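Computed from the coordinates by the stated procedures, all read-outs in this text should not be read as laboratory data. Computed from a predicted structure; not experimentally measured. With ideal geometry, Cβ positions are generated from the backbone for all residues, glycine too; neighbour counts draw on all protein chains shown.
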Amino acid sequence: MPKVKALNHIAVVVEDMEKSLSFWRDALGMELHGLNEVPAEKSQVAFLPLAGSEIELVKPTSDDSGIAKYLAKRGPGMHHICIEVDDIEGMLAQLRSRGIRLINEEPRTTADGRKYAFVHPESTSGVLVELYQI
Ligand code: CO
């Protein structure tokens, strides 16, 4: 049976990366571990590690991405939480068998080889949930 392993990250969608970093990095004192362009998701992503987890800041780099539409509709704020699992295909099958609505029926793969998929907020009490397998 597929298992959950850890809280991998919490993602916040931001309008202005420098302004957001002035809180998370400068005022709060968290370390900025990476600031990357993610062309596949048309976004810029900052990672700030925190005790085995991370805060992820996501800024859209194009107006036609899902994240840009989210920002235009709802403004900056909490976007998703990401839970690491040991077997993402198995977990998606388990969720599907229980009638959970998935956004990605099949896992996608990041540039560095992690598999991920999103679960629809309709099935999660309103929170967008990302699953990760590293
Ligand atoms: Co994420």
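The table that follows gives values for the structure above.
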read-out: Estimated [θ] at 222 nm from DSSP helical runs (n ≥ 4, -39500 (n - 2.57)) normalised by residues in the chain, nearest 500; value: -5000 deg cm²/dmol
read-out: Whole-angstrom gap from the range 91-105 to the range 1-57, using each part's C-alpha centre; value: 26
read-out: Length added when fully stretched, D26-V4, from 0.36 nm per residue minus Cα-Cα; value: 4.7 nm
read-out: Ratio of the Cα radius of gyration of the range 1-42 to 2.2 N^0.38 Å, where N counts its residues; value: 1.53
read-out: Amide proton proximity set for H79, modelled H, under 5 Å, gap of 5+; value: A11, V12, V13
read-out: Cα gyration tensor shape of the range 75-134, rounded if a/c is under 1.5, else prolate or oblate by comparing a/b with b/c; value: oblate
read-out: Relative contact order %, the chain, counting alpha carbon pairs below 8 Å whose residues are six or more apart; value: 26
read-out: Cα Rg, Dmax (largest Cα-Cα span) when computed across the chain, Å; value: 14.9, 45
read-out: Loop sites in the range 28-134: trypsin sites (Lys or Arg not before Pro), DSSP, at most 12 other Cβ within 10 Å; value: R98, R101
read-out: Lysine pair count for the range 4-133 [Cα-Cα under 29 Å; pairs on different chains or 8 or more apart]; value: 16
read-out: Bridge type composition, the chain - antiparallel percent by DSSP, nearest 5; value: 75
